[in-house]
1. Considering every residue within region 449-459, establish whether at least one is under 30 Å from Gln337 (Cα atoms) and among the charged types (D, E, K, R).
2. Can you name the number of the only condition in (1) assigned to a helix (DSSP H, G or I); (2) of a type outside the set (A, V, I, L, M); (3) open to solvent by 50 Å² or more (accessible area, probe 1.4 Å); (4) in contact (Cβ under 8 Å) with a residue 40 or more places away in the chain that Gln247 fails?
3. Is it true that some residue in region 460-479 is over 30 Å from Glu619 (Cα atoms), in contact (Cβ under 8 Å) with a residue 40 or more places away in the chain and assigned to a helix (DSSP H, G or I)?
4. Can you pull out every residue in region 41-91 that is of a type in the set (A, V, I, L, M, F, W, C), open to solvent by 20 Å² or more (accessible area, probe 1.4 Å) and at pLDDT 80 or above?
5. Among the listed residues Tyr665, Tyr579, which satisfies the condition of being surrounded by 15 or more Cβ atoms within 10 Å (Cβ to Cβ), assigned to a loop (DSSP other than H, G, I, E, B), at pLDDT 85 or above and within 49 Å of the chain's Cα centre (by Cα)?
6. Among (1) part of a helix (DSSP H, G or I); (2) without any contact (Cβ under 8 Å) to a residue 24 or more places away in the chain; (3) surrounded by fewer than 19 Cβ atoms within 10 Å (Cβ to Cβ), there is one condition Ala370 misses while meeting the rest; what is its number?
7. Lys555 passes all but one of (1) surrounded by fewer than 17 Cβ atoms within 10 Å (Cβ to Cβ); (2) under 13 Å from Ala479 (Cα atoms); which number fails?
8. Test of understanding: among Thr399, Thr354, which residue is in contact with a Cys (Cβ under 8 Å, 6 or more places away or on another chain), at pLDDT below 85 and either more than 22 Å from Asp318 (Cβ to Cβ) or not polar (S, T, N, Q) (or both)?
Amino acid sequence: MATNGPDAPPQPTPPATPTPAPPTPVPPKRSTALPQAWLLAVGLLVAFGLFYLSNENPKTINYTEYEKLAADGQIKRLVIQGKQRAEGEVRDQTAESVKELKLGSGGKFNFNLPASNDQNQLIDRLQSKDKAYRDKLKVATPNDATPEVQVVINDETPQVIGPLIWTLLPLLIVGAIFFYFVLPRLRDSSGGGFLNNYIRSPAKKYEKTRTRTTFDDVAGMETAKGELQEIVDFLRNPDKFTRLGAQVPKGVLLVGPPGTGKTLLAKAVAGEAHVPFYSINGSEFIQMFVGVGASRVRDLFKNAKETAPCVIFIDEIDAVGRMRGAGVGGGSDEREQTLNQILSEMDGFQATETVIVLAATNRPDVLDSALLRPGRFDRHVTVDRPTWQGRLAILKVHTRNKPLDDKVDLERIARNMIGMSGADLRNLCNEAALVATRMGKNKIEHIDFDTASDRVRLGAKREEMFNDDEKRRTAYHEAGHALCAWLEPKADPIDRVSIIPRGRTAGVTMFAPDEDRVDMSFSELMARLVVAMGGRAADKIIYGEPLTGEIGDLKQATRIARAMVTQFGMSDKLGPVHYRAGEDHVFLGKEIVENRDFSEGTARIIDEEVQRILRGAEERAMELIGRNRDDLDNIAKALLACEELDREAFEKLLRKAPRPEVEPYTEAPPEPLPPRLAFEGV
């Protein structure tokens with residue numbers, strides 16, 4: 001039996017129970033609804049004002065109506081306000097003369113006095129009429145005790161209580177709402193207020209979570225990922241660089257065509273480094289009010305420094321970072337002020353601050369030079385369209401959740417989709433799934449990808465049907481392109497010839513160029529011009545005149561020929577000179593301050609050279625087609641029968657006869673250059 005006396009053995013001390021930490025106080029949340037007391041006060045104020053205005057506000061009548069009331073003895077009280085205004089009150093609101101005026105429940109009225117007014121005469125006349133009315137009333141009812149009319153002469157300013165309440169009532173209501181709702185939020189510096197929400201940065205913040213984007217989610221682009229790996233290492237372990245005095249670039253500019261994965265790369269950098277990620281578009285800085293863009297820039301960089309290390313990503317930075325002084329507005333332009341603030345904030349980084357600014361654009365030529373100098377965006381990473389290996393990896397990423405048929409060859413699809421970006425390939429896979437769904441299939445087959453590629457690159461099939469004559473014209477036109485491509489040694493190989501109308505085209509001849517080529521010679525460009533003129537040459541040979549369907553071919557050929565003359569120096573008359581005849585990305589104001597760098601005489605020579613090159617290509621196409629007229633007819637007949645020929649069917653059709661030997665088209669060689677001069681002593 002246990003005892004508690006002094007001789008009791010000592011009891012073991014129980015382990016101390018840890019005292020639970022007090023709960024973190026949660027700040028009360030401000031209610032956005034008006035309290036009941038405020039609602040009651042506002043309601044009573046509105047009711048009082050409406051009651052006063054409806055009962056006390058007199059009705060204005062004319063002097064004739066007043067005379068009628070006075071003759072009937074209905075004037076109970078008359079107040080004369082100066083020499084221009086008078087107010088009165090009737091005795092009996094049930095009288096006929098009073099009912100006609102509809103004075104309201106108060107029975108009050110006012111009227112303007114005549115210009116030639118004598119107050120004494122007005123009073124005497126009123127009292128005489130009132131006495132005659134009361135005498136007449138006493139004859140009818142001897143016991144009637146109707147008092148005399150009360151007349152007051154008031155030379156002071158008329159009362160303004162009614163108009164004053166009518167004016168102040170809305171102001172009081174608006175003021176109460178302003179002081180309760182708006183003013184506390186404007187004073188709230190911690191955020192949430194109307195003004196703070198307007199000037200704060202709208203950048204979206206992505207925290208470091210398990211479902212982050214990494215380099216494994218970015219297919220292809222190995223060169224770009226290698227360039228950005230150093231940024232990831234700096235964000236993970238900045239001491240590795242700072243201990244040797246190295247400084248990692250503050251800004252990295254991702255340059256590439258639309259849809260190549262610049263935003264995905266920026267997210268992958270933050271995901272690999274396990275740091276927060278701020279994302280904003282360049283156009284979100286710009287507002288109609290001056291200074292808002294700069295305020296948003298300050299707020300964005302302030303938040304980024306507080307959560308460092310982190311990554312700031314500015315998409316489409318050309319919207320705010322265009323060249324200063326080239327647009328309308330000069331230095332006072334809101335966009336330029338925002339750009340100045342971005343430049344200032346990037347200069348404000350310390351060497352130890354782990355904040356990396358990533359930006360993306362597809363128009364690097366319009367960016368301001370101060371934005372690209374060392375110390376700001378001093379590292380440029382080109383994110384180009386993927387090669388066939390990259391396209392294959394992207395296709396595997398976008399088809400991993402789609403059931404594919406065993407015969408689907410993704411490598412063949414990747415090799416055929418030349419020039420497609422990551423966004424285009426994602427759209428291709430989605431379109432293939434939609435095509436298979438429409439056909440009621442359980443798996444996506446290879447033919448679904450072919451149909452989807454035609455829809456993505458050329459457009460959907462047109463519903464209207466061409467007549468036989470239109471189909472024959474289209475067949476010979478496309479046959480001219482295909483035959484010139486077959487006969488011209490330096491032309492790109494044919495991928496498909498079709499006369500099925502799609503999108504805005506009645507027919508198309510598709511090619512499979514060598515995408516590993518980074519440079520083109522004069523003869524290769526001339527071969528492209530000959531192929532482009534092949535449709536026009538076939539039209540002139542078959543029908544004896546050109547047709548309107550050649551407009552697309554002429555645009556493409558003219559663009560190539562003009563580039564050969566003005567940019568590539570492939571004209572003997574003009575020589576190896578680059579002429580700025582226009583920019584693909586022209587922004588407001590640049591063409592105004594920068595004149596073209598050649599004279600009118602040179603412009604005439606440029607036009608003559610372009611015409612000469614195009615005429616030579618047309619003559620070459622007509623010569624090739626004229627010597628192989630039978631092949632042209634065979635291709636046209638096959639197109640009319642099948643509507644579409646792939647590479648295998650086209651080559652099988654023309655290989656029945658031996659392929660003629662044709663020399664590559666080139667111009668006459670220029671005159672030999674003088675022998676090189678020998679300089680002594682060098």
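1. Looking for residues that are under 30 Å from Gln337 (Cα atoms) and among the charged types (D, E, K, R), one finds none in region 449-459, hence no.
2. So the condition that Gln247 fails would be (1).
3. no
4. If the condition is that a residue be of a type in the set (A, V, I, L, M, F, W, C), open to solvent by 20 Å² or more (accessible area, probe 1.4 Å) and at pLDDT 80 or above, then Ala71 is the only one that fits.
5. Numbers: Tyr665 fails: at pLDDT 85 or above.
Sole residue among the options that is surrounded by 15 or more Cβ atoms within 10 Å (Cβ to Cβ), assigned to a loop (DSSP other than H, G, I, E, B), at pLDDT 85 or above and within 49 Å of the chain's Cα centre (by Cα): Tyr579.
6. The failed condition is (2).
7. Looking at each condition in turn, Lys555 falls short on (2).
8. Details: Thr399 fails: at pLDDT below 85.
Only one candidate passes the filter, namely Thr354.
The values are calculated or read from the model by the stated rules, or taken from the named source; none is laboratory data. Because the structure is a prediction, the values reported are computed rather than measured. Positions of Cβ are backbone-derived with ideal geometry, glycine not excepted, and every protein chain shown enters the neighbour counts. Side chains included, ligands, DNA and RNA excluded: accessible areas come from the protein's heavy atoms. Shrake-Rupley method; radii C 1.70, N 1.55, O 1.52, S 1.80 Å.
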